[in-house]
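A.B. asks: Attaching a single structure in structure tokens format; questions to follow.
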Number of protein chains: 2
Amino acid sequence: MSFAYGDAEASSALARTIDWPLSYARRAGRIRASEIRELLRIVDRPGIISFAGGIPDPELFPVDAFRAAVDGILGNPKQARVALQYSVTEGYEPLRVWIADYMRSRGTPCSSDNILITAGAQQALDLIAKLFAGAGDTILVTAPTYLGALQVFDAYEANYGAIDLSGRADCPYAFETAGERLAAAYIMADCANPTGRCLTKDERFALLTLSERCSLPIIEDAAYEALRFEGDALPSCQSLDILRCGSVERSRVLYCGSFSKTMAPGLRLGWICAASEVIRKLTLAKQGVDLHTGLIGQMAMLDVVERLFDRQRERVRDAYRCKRGAMLAALQEFMPAGVSWTEPEGGMFVWLSLPEAADSVALLPRALDEAKVAFVPGPAFYAAEPKRNTLRLNYSKPSMDEISSGIKRLGRLIREIHTKDGRGQIGVNVQLGHIAGMTSSRG
Amino acid sequence: MSFAYGDAEASSALARTIDWPLSYARRAGRIRASEIRELLRIVDRPGIISFAGGIPDPELFPVDAFRAAVDGILGNPKQARVALQYSVTEGYEPLRVWIADYMRSRGTPCSSDNILITAGAQQALDLIAKLFAGAGDTILVTAPTYLGALQVFDAYEANYGAIDLSGRADCPYAFETAGERLAAAYIMADCANPTGRCLTKDERFALLTLSERCSLPIIEDAAYEALRFEGDALPSCQSLDILRCGSVERSRVLYCGSFSKTMAPGLRLGWICAASEVIRKLTLAKQGVDLHTGLIGQMAMLDVVERLFDRQRERVRDAYRCKRGAMLAALQEFMPAGVSWTEPEGGMFVWLSLPEAADSVALLPRALDEAKVAFVPGPAFYAAEPKRNTLRLNYSKPSMDEISSGIKRLGRLIREIHTKDGRGQIGVNVQLGHIAGMTSSRG
């Protein structure tokens, strides 16, 4: 290349330094590192047993079914040209129809007009927030809640309030009297991340009553719904609302589903089920965001779910039931008194509470160094006022052996600290700075 | 399901009607139907020759290479488990390295730290807008510009200004003196959508001078850059800027690349190449948006581009050079006097100007009904003050035969209208309402 600049241009330019944050929009201040993602970089070291991820067991992926599906699609010239071409934003129509059937089987009568295919449930949350959450609006969340949802809402400069599930909530909420708009409530009603808990029937009713009183859209994140392996499944909040209002077209619940936990996350496929008017608007939002989700993945997913959805779901449930059992048994055996945990009936997580004065953020570097065990400190999952004595343990990814030896090592460390200072002050004298690149994004 | 509601609840709920726009954030008012996308629904009728899409020729997709790549990945159990699992947000490292090598070959010395893999160049634009464009900020664009970029910036409630490429632009621009923040300039420097034009050397320098004077980030959308099939390629704006400032780390240019036009759009793969500090921040934005782009597609794309990128690019260039030639020849033969068009050296589009008083939006229904030909009316591509006598013709998707017979039919219709009223008033007495669902989103 032979483009010459004048001397003045060149010398002024060489001295250029860019202060990028000056160029960013205000919302950039709310786009920050996620503790859980930073962790994923650190824990991938030999010898560490990780309970930190939110990752399915890859041994369960229906690899051969995906391989056969893609081979069949790309082996048919006509299908191949469609699969690799641009496509419509709302998603592959036969897959939308399959999902609508699935939603019907779960108590939500609907058609493909009520379904938008998304790049995982994560994109579903982003699109919904884009449509509903203005800067400074309040979103009601549980405490704790899904870290990735907070990351979405943060980027839209949302404020947070607590969902009142007592059934006694009045409207307007305090936020509205303070001049803030109440945009939505976000909830995982089944096998929640991070606690593994399911809402009770009364809590579901309370949520819907709140929605009705405040004209409040409900974002029901059902990413783990299909992973209930024990106890009686309750209807989704959306299907309960439809029992009351008669139609998905009159429901304020926006249901976010996912194939990531039952089938495989690597195809990035989820969906939103909602009133068709909202789906049309969300489709327009998705157009700007990525035009559409890749068709080849959607076609392959349809082929696979048609063949083996029920069987695959049972397989995953069975495996996670076993692993959950192993983790609860190990916790029972190895955790000292003063430590408690949830006993999930599904999902991928157990939520651990250390004695009140303990600090899980400070515990982590010692867990990594001394016990060679990783977890996610609880504060990452709170929009405000984090309980610092909590932490999240994942049981879907580690093997049965890793679960019992990892919990044994973690239990021993907690017991040791607990016994040493005698006051349940776990890890308070440990500096977080031990771990490079690790920052607490909340609290 | 046996959940009973009290009578009061049930009757009040049954009467519920939801006014959804009341629940939407303010930005929702700017999330509107795209003319081009609505068209894609309409033109898919038998007998219509469509010059409306922005779609590659699917006959050129390297189907067998993708098929072999996916089969190889999913046939290897260890690779399969990685390919279908969650992954890191910044993208598949070996593909990032390949892209960094490619960028180096195009005059941008960089490493994988400067590359973020995105769901097509469209997501690249969305992520950049999310980071840089606050509500009410001004983005400088050309007239006309890429419709999909306007759709992105609209959703962030941007205002628009015109890029001054004369080299005489002062800073602050008028927008800044009016109290508006100048967020970025957006440009397609090579084989632009919709005009097919490339910026001259002087225009590239003028843009970079403007960037320097106003500390203005430049969004260089290079989606069609690899499709130049004629004339000498100029260096990208990014590489010219690096000649001046010495390093991608000191450049204000954010380069957006895509595999959609050379390889296949169905895998939704593009990238951003920029200063590593910006890439890190964009990566955080992408985390919230969709966690990451599916790994199996990235792994397959790497396999395919390693095998045949250069060959495939030549194949696509050759095919589009032929089709461009066929379209220019047909326009020359069949268009009446008073109609002019661009003669692109690459890309997928010819930009047609009808006589001043003509209206392409009004022409479209007659073109569909009488000539059985579709195009995109020019006003869709203007942020403001649309030239209503312009329209976009695509030559990549239709066959050689369709190009000549379609242009012949369109030319005949234009000539007929032109001759009939004798004043070049094309289509002014035609109602847009002819086409169901068709709305002009701009102007």
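The values are calculated or read from the model by the stated rules, or taken from the named source; none is laboratory data. From a predicted model like this one, the values you see are computed outputs, not experimental measurements. So basically every Cβ, Gly included, is an ideal-geometry build from the backbone, and we count neighbours across all protein chains shown. Ligands, DNA and RNA are excluded from the accessible area calculation, which covers all protein heavy atoms including side chains. Shrake-Rupley method; radii C 1.70, N 1.55, O 1.52, S 1.80 Å.
A.B. asks: Where in chain B are the DSSP H helices whose alpha-carbon span along the long axis reaches 27 Å or more and whose Kyte-Doolittle mean is at least -1.0?
C.D. replies: What comes out of the filter, once short or polar helices are dropped, is B:295-334, B:400-421.
A.B. asks: Further question: Would you mind working out the magnitude of the charge dipole of the protein assembly as shown relative to its Cα centre, with +1 at each Lys and Arg C-beta and -1 at each Asp and Glu C-beta, to the nearest 20 Debye?
C.D. replies: Roughly 480 debye for the protein assembly as shown.
A.B. asks: Which whole-number value in Å² is the accessible area per residue of the protein assembly as shown, probe 1.4 Å?
C.D. replies: 35 Å²
A.B. asks: Using label points projected 7 Å from each Cα along Cα→Cβ, tell me how many nm separate A:Ser340 and B:Ala329, to one decimal.
C.D. replies: Roughly 8.2 nm, to one decimal.
A.B. asks: Would you pull out the residues with amide H under 5 Å of A:Val376's amide H, same chain only if 5 or more places away, H placed 1.01 Å from N?
C.D. replies: A:Arg392
A.B. asks: Projected onto the charge dipole of the protein assembly as shown (+1 at Lys/Arg Cβ, -1 at Asp/Glu Cβ, origin at the Cα centre), which of B:Ala124, B:Thr293, B:Thr17 gives the Cα projection farthest towards the positive end?
C.D. replies: Toward the positive end, the furthest listed residue is B:Thr293.
A.B. asks: Could you pull out every residue, at least 5 positions away or on a different chain, whose amide H is within less than 5 Å of the one on B:Gly347? Hs are placed 1.01 Å off N in the peptide plane, and Pro or chain starts have none.
C.D. replies: Correct list: B:Leu227, B:Arg228, B:Phe229.
A.B. asks: Shifting gears a bit: Can you list the distances in nanometres, one decimal and ascending, from the B:Glu306 label point to the identical position in each other copy, with the point 7 Å along Cα to Cβ?
C.D. replies: 3.4
A.B. asks: Which whole-number value in Å³ per residue fits the convex hull of the alpha carbons of the stretch A:318-397?
C.D. replies: Value for the stretch A:318-397: 100 Å³ per residue.
A.B. asks: Which value in Å does the Kirkwood hydrodynamic radius of the protein assembly as shown take, with 1/r averaged over all unlike C-alpha pairs and then inverted?
C.D. replies: 28.7 Å
A.B. asks: Gaussian network model of chain B, Cα springs within a sub-10 Å range: biggest mean-square fluctuation belongs to which of B:Ala80, B:Ala121, B:Ala319?
C.D. replies: Highest fluctuation of the listed residues: B:Ala80.
A.B. asks: Here is a further query. Computed on protein heavy atoms with a 1.4 Å probe, what is the summed buried accessible area for the chain pair A and B, in Å² to the nearest 100?
C.D. replies: Looking at A and B, the buried total is near 9600 Å².
A.B. asks: Then there is this: Can you give the relative contact order of the stretch B:260-374 as a percent, counting alpha carbon pairs under 8 Å and 6+ residues apart?
C.D. replies: Here the relative contact order equals 16 percent.
A.B. asks: Which value does Rg/Rh take for the stretch A:162-234 over its C-alpha atoms, Rh per Kirkwood?
C.D. replies: My calculation of the ratio gives 1.02.
A.B. asks: To continue, here is another question. Shortest first and in nm to one decimal, what separations exist between B:Gly231 and its copies in the other chains, measuring from label points 7 Å along the Cα-to-beta-carbon line?
C.D. replies: Going from nearest to farthest copy, the values are 6.7 nm.
A.B. asks: What is chain B's relative contact order, in percent, from Cα pairs under 8 angstrom and six or more apart in sequence?
C.D. replies: Once divided by the residue count of chain B, the mean separation gives 22 percent.
A.B. asks: Normalised by the residues of the stretch B:253-326, what does the relative contact order come to in percent, with Cα pairs under 8 Å and at least six apart?
C.D. replies: Relative contact order for the stretch B:253-326 comes out at 26 percent.
A.B. asks: Using a probe of 1.4 angstrom, how much of the accessible area of the protein assembly as shown is carbon and sulfur, in percent?
C.D. replies: Reported share for carbon and sulfur atoms: 49 percent.
A.B. asks: Helix-only estimate, please: 222 nm mean residue ellipticity of the protein assembly as shown, summing -39500 (n - 2.57) across DSSP H runs of length 4 or more and dividing by its residues, to the nearest 500.
C.D. replies: -13000 deg cm²/dmol
A.B. asks: Work out the mean other chain Cβ neighbour count within 10 Å for the residues of A:262-271 and drop it here as an integer.
C.D. replies: 5
A.B. asks: So, one more: Pick out which of B:Glu90, B:Glu370, B:Glu402 has the largest mean-square fluctuation in a Gaussian network model of chain B, springs linking Cα atoms closer than 10 Å.
C.D. replies: Looking only at B:Glu90, B:Glu370, B:Glu402, the largest GNM fluctuation is found for B:Glu370.
A.B. asks: With a ≥ b ≥ c taken as the square roots of the eigenvalues of the C-alpha gyration tensor of chain B, please select rounded if a/c is under 1.5 and otherwise prolate if a/b is larger than b/c or oblate if it is not?
C.D. replies: Judged from the Cα gyration tensor, chain B comes out rounded (a/c under 1.5).
A.B. asks: Another question about this same structure. Per residue of B:123-131, how many C-beta atoms from partner chains lie within 10 Å of its own C-beta, taken as a mean?
C.D. replies: The per-residue average across the peptide is 4.
A.B. asks: Output wanted: per-residue J couplings in Hz (rounded whole) for the stretch B:380-390, from phi through Karplus 6.51 cos²θ - 1.76 cosθ + 1.60, θ = phi - 60°, x for Gly and Pro.
C.D. replies: These are the phi-based 3J(HN,Hα) values: 4, 9, 10, 6, 7, 6, x, 8, 6, 8, 9 Hz.
A.B. asks: On alpha-carbon atoms, Rg over Rh for the stretch B:239-374 using Kirkwood Rh?
C.D. replies: 1.09
A.B. asks: Here's a follow-up. When a/c reaches 1.5 or more, the comparison of a/b and b/c decides; with that in mind, is the stretch A:219-304 rounded, prolate or oblate per its Cα gyration tensor?
C.D. replies: Verdict is oblate for the stretch A:219-304.
A.B. asks: I'd like the mean, over residues of A:22-33, of how many other protein chain beta carbons sit within 10 Å of each residue's own Cβ.
C.D. replies: Across the residues of A:22-33, the mean count of other-chain Cβ atoms within 10 Å is 6.
A.B. asks: Further, regarding this structure: Please list, or write none, the lysines whose alpha carbon is within less than 28 Å of the alpha carbon of B:Lys408, excluding same-chain residues fewer than 8 places away.
C.D. replies: Within the straight-line limit of under 28 Å, B:Lys408 reaches these lysines: B:Lys261, B:Lys323, B:Lys372, B:Lys387, B:Lys397, B:Lys420.
A.B. asks: Ok, one more. Beyond 15 Å, what percent of the Cα pairs of the stretch A:41-91 remain?
C.D. replies: 68 percent
A.B. asks: Report, by chain and number, residues whose modeled amide H sits under 5 Å from the one on A:Leu254, excluding near sequence neighbours (fewer than 5 apart, same chain).
C.D. replies: For A:Leu254, whose amide H was placed from the backbone, the distant partners under 5 Å are A:Ile218, A:Ile219, A:Glu220.
A.B. asks: Let me ask something else about it. Considering the rotational relationship between chains B and A, which residue of chain B contributes the beta-carbon of minimal distance to the axis, and what is that distance to the nearest Å?
C.D. replies: Spelled out, residue of B and its Cβ distance from the axis onto A: B:Val70, 2.
A.B. asks: Still on this structure: Please report Rg (one decimal) and Dmax (integer) in Å for the Cα set of the stretch A:71-206.
C.D. replies: 19.0, 61
A.B. asks: Share of antiparallel DSSP beta bridges in chain A, in percent to the nearest 5?
C.D. replies: 55 percent
A.B. asks: Would you mind listing the distances between the A:Asp113 label point and the same position in each other copy? Use 7 Å along Cα-to-C-beta, nm, one decimal, shortest first.
C.D. replies: 5.4
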